[in-house]
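J.: One structure, pasted below without further comment.
What follows draws every value from the coordinates through simple rules; no lab data is involved. Predicted model, so just to flag it, every value in this text is computed and none were measured. As a convention, Cβ positions derive from the backbone with ideal geometry for all residues, glycine included, and neighbour counts pool all protein chains shown.
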Ligand code: AMP
Ligand code: ZN
């Protein structure tokens with residue numbers, strides 16, 4: 001049982017921003033910026049390392065990249081944005097279904113890298 005699988009299957013509601021047959025993008029319930037969209041592969045992978053471990057997972061990473069570009073267009077993020085992937089407990093991952101935070105709509109000044 002996984003909350004993002006439930007969202008993908010429509011069992012839990014979400015505010016959809018973009019969807020295709022491989023990826024669902026929806027607003028984060030606890031936004032960290034004016035734009036905070038989660039880009040979620042429709043197939044369950046535990047994290048980005050799990051995605052990297054199979055040919056299918058690597059295909060999905062490409063679909064994720066395309067979806068990030070679609071979100072940037074839909075949300076008018078042409079002046080820039082940030083993509084964050086928290087991986088594993090020490091990386092701060094709380095939902096163990098791989099996902100990518102697209103954050104923007106404001107000049108992001110707090111940088112750690
Ligand atoms: P992470 O901490 O990187 O695993 O990110 C998980 C994100 O999922 C957090 O930013 C949460 O706010 C978000 N989240 C959890 N449940 C929901 C939900 N039902 N709808 C939208 N976002 C959610
Ligand atoms: Zn899942």
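J.: Using only Cα atoms, tell me the angle between helix 55-74 and the longest principal axis of the chain; keep it within 0 to 90° and round to the nearest 10.
T.: 30
J.: Restricting to DSSP H runs of at least four residues, report the calculated mean residue ellipticity at 222 nm for the chain, -39500 (n - 2.57) per run over all residues, nearest 500 deg cm²/dmol. Spell out each step's value before the answer.
T.: On the way: 3 runs with 31 residues, N = 113.
So the helix-based figure for the chain works out to -8000 deg cm²/dmol.
J.: Can you give me the relative contact order of the chain as a percent, contacts being Cα pairs under 8 Å and 6 or more apart?
T.: Numbers: 172 pairs, mean separation 34.6, N = 113.
That works out to 31 percent.
J.: Then there is this: Provide the packing ranking of 61-67, 37-43, i.e. peptides ordered by the mean count of other C-beta atoms within 10 Å per residue, highest first.
T.: Working: 61-67: 16.7, 37-43: 22.4.
Sorting 61-67, 37-43 by mean packing, highest first, produces 37-43, 61-67.
J.: In whole Å and largest first, what semi-axes does the C-alpha gyration tensor of the range 55-113 yield when each eigenvalue is scaled by 5 and square-rooted? Each step should come with its number before you reach the end.
T.: On the way: eigenvalues 89, 65, 14 Å².
In descending order the semi-axes read 21, 18, 8 Å.
J.: If you average 1/r across every pair of different Cα atoms in the range 3-104 and take the reciprocal, what Kirkwood value do you get, in Å?
T.: Numbers: mean 1/r = 0.0735 Å⁻¹.
Every distinct Cα pair counted, the radius reaches 13.6 Å.
J.: To the nearest Å, what is the center-to-center distance of the range 1-21 and the range 70-97, using C-alpha atoms only?
T.: 16
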